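Computed from the coordinates by the stated procedures, all read-outs in this text should not be read as laboratory data. This one's a predicted model, so the numbers in the text were calculated from it and none came from an experiment. Glycine gets a Cβ as well: all are built from the backbone with ideal geometry, and neighbour counts include every protein chain shown.
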Amino acid sequence: MIHNFNAGPSILPREVMEEASRAVLDFNGTGLSILEYGHRTPLFEAVMAEAIQLIKELMQLDENKEVLFLHGGASTQFFQIPMNFLSQDRTAAYLDCGIWGSKAIIEAKKFGAVQVVASSRDTNYSYIPHAFEIPKDACYFHYTTNNTVEGTQLRTIPDTSVPLIADMSSDVLSHAMDFNRFALIYAGAQKNIGAAGVNLVVIDKTFAATANAHLPTMMDYRQHIKNGSMLNTPPVFAVYVCLLTLRWLKAQGGVAGIQRINEQKAKLLYETLEALPVFHLPVHETDRSRMNAVFTMQDERLEKLFLDRCTTEGMVGVKGHRSVGGFRVSMYNALPLSSVQAFTDMARDFANQYA
Ligand SMILES: *Cc1c(COP(=O)(O)O)cnc(C)c1O
């Protein structure tokens, strides 16, 4: 039995992979693989339309929001956003609370003036700064909702009238929030919504209309909107896997349904580790991520033993990111509660052995 705690690409529901593999051999009874099937066909257009519809439904988006499936991963959004929306005479505001957000800042600076409203860099991003002010005249405010590497999460939406932009790569659709508050949301699919190779973008139409002129066509959100995410060949298979995952999510009771399970998983994991003195949780309780739990061991010499134990028991992907060390347990939507139960049972047993 394998328990998949990978940070990304990461676990997908079993039934999604079974159906996706059937479509690789025979897409919807056509006798052709989805890999050899045209994207400008009624059958694939229906895949794209349903995926877009399910995002609108699951996020409860208003009429003014457009859903796009684009190439290039979340990292392309790091520069596509300032390329479109950072105007020369103004400033973009960023919250610097994790490695991914800091990469977004580096890219934005290539296009204009950036103001970092707060940073937790000096503590290796072990917390989320909560006291910050967003300049009222900023073109937009960018932040990362869940810091995948550092294991922190900001579940409340900053209160501002400045257009909000969020990188939700590692917690999109994992808990309820007012997605309509955002001018732009983006998320690489490979953590919570599907396979690598596609990026979800939700953009407000009015905001999109304010983009800079003279953009390369593929970088222009307005062009993607006009062409229904089919400006060029979309990543057909990755979009199909998203569709299957979104259908699965809807069957779980949507965002509210999955939130209940995600809360149970995180509660079980954090409460178990907190009660075992061999483990150390570096992130303050209020900032802890429900998607990626980061921890170390009080006695560093035990870390290798614990990692060996994880390997023996089929617990995959628990080694921490190289920049943080220790361990990281990712509990994305598709991870069942039973995997967290198996992990906490093992952790308790290990702690008793070495106490
Ligand atoms: C994984 C991740 C990224 C990078 O995504 P790519 O699709 O690989 O570019 C960006 N931001 C966050 C928060 C992530 O977790």
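Sorted by mean Cβ packing within 10 Å, highest first, what order do the peptides 299-306, 168-175, 89-96, 313-320 take?
168-175, 89-96, 313-320, 299-306
If you put +1 on each Lys and Arg Cβ and -1 on each Asp and Glu Cβ, how big is the dipole of the chain around its Cα centre, in Debye rounded to 20?
320
Report the one residue of Ser174, Ile11, Thr41 whose Cα lies farthest in the direction of the positive end of the charge dipole of the chain (charges on C-beta: Lys and Arg +1, Asp and Glu -1; origin at the Cα centre).
Value: Thr41.
Given charges of +1 on the Cβ of Lys and Arg and -1 on the Cβ of Asp and Glu, with all other atoms neutral, how large is the dipole of segment 254-354 about its Cα centre, in debye to the nearest 20?
For segment 254-354, the charge dipole is close to 300 debye.
Indicate the gyration tensor shape class of segment 1-149 (rounded, prolate or oblate), computed on the Cα atoms with a ≥ b ≥ c the square roots of the eigenvalues: a/c under 1.5 is rounded; otherwise a/b larger than b/c is prolate and the rest oblate.
Judged from the Cα gyration tensor, segment 1-149 comes out prolate (a/c at least 1.5, a/b above b/c).
What's the magnitude of the charge dipole for segment 94-142 around its Cα centre, counting Lys and Arg as +1 and Asp and Glu as -1 at the beta-carbon? Answer in Debye, nearest 20.
140
In nm, to one decimal, how far is the modelled label at Gln223 from the one at Arg90, with both set 7 Å along Cα→Cβ?
Rounded to a tenth, the inter-label distance reads 2.3 nm.
Relative to the present Cα-Cα distance, how much length would full extension add between Ala196 and Ser161 at 0.36 nm per residue of separation?
Result for the pair: 9.3 nm of gain on full extension.
GNM on the chain, C-alpha springs below 10 Å: top fluctuator among Ala195, Ala166, Ala209?
Ala209
Taking 0.36 nm per residue of sequence separation and subtracting the Cα-Cα distance, how much length would be gained by fully extending the chain between Arg14 and Arg348, in nm to one decimal?
117.5 nm
What does the C-alpha gyration tensor say about the overall shape of the chain? Classify as rounded when a/c is under 1.5, otherwise prolate if a/b is larger than b/c, or oblate.
Oblate shape, in that a/c is at least 1.5 and b/c is the bigger or equal ratio.
Would you calculate, for the chain, the mean residue ellipticity at 222 nm contributed by helices, counting each DSSP H stretch of 4 or more residues as -39,500 (n - 2.57) and dividing by all residues, to the nearest 500?
Dividing the helical sum by the residues of the chain leaves -11500 deg cm²/dmol.
Evaluate the distance, in nm, between pseudo-label points positioned 7 Å from the Cα of Arg260 and of Ser102 along their respective Cα→Cβ axes.
4.0
Would you mind classifying segment 145-229 by shape? Square roots of the alpha carbon gyration tensor eigenvalues, ordered a ≥ b ≥ c; an a/c under 1.5 is rounded, otherwise it is prolate if a/b is larger than b/c and oblate if not.
The shape class here is oblate.
What's the extension gain from Glu50 to Lys136 if we count 0.36 nm per residue and subtract their Cα-Cα distance?
27.2 nm
Considering only DSSP beta bridges where both residues belong to the chain, give the percentage that are antiparallel (nearest 5).
Of all bridge pairs located within the chain, approximately 55 percent are antiparallel.
All other residues with a Cβ under 13 Å from the Cβ of Ala74 taken together, and with Lys, Arg as +1 and Asp, Glu as -1, what is their net charge?
Summing Lys and Arg as +1 and Asp and Glu as -1 gives -1.
Looking only at Ile128, Ile157, Ile258, which one moves most when the chain is put into a Gaussian network model with springs between Cα atoms under 10 Å?
Ile157
Compute a Gaussian network model of the chain, connecting alpha carbons closer than 10 Å, and tell me which residue from Gln88, Gln77, Gln115 fluctuates the most.
Residue with maximal mean-square fluctuation among Gln88, Gln77, Gln115: Gln88.
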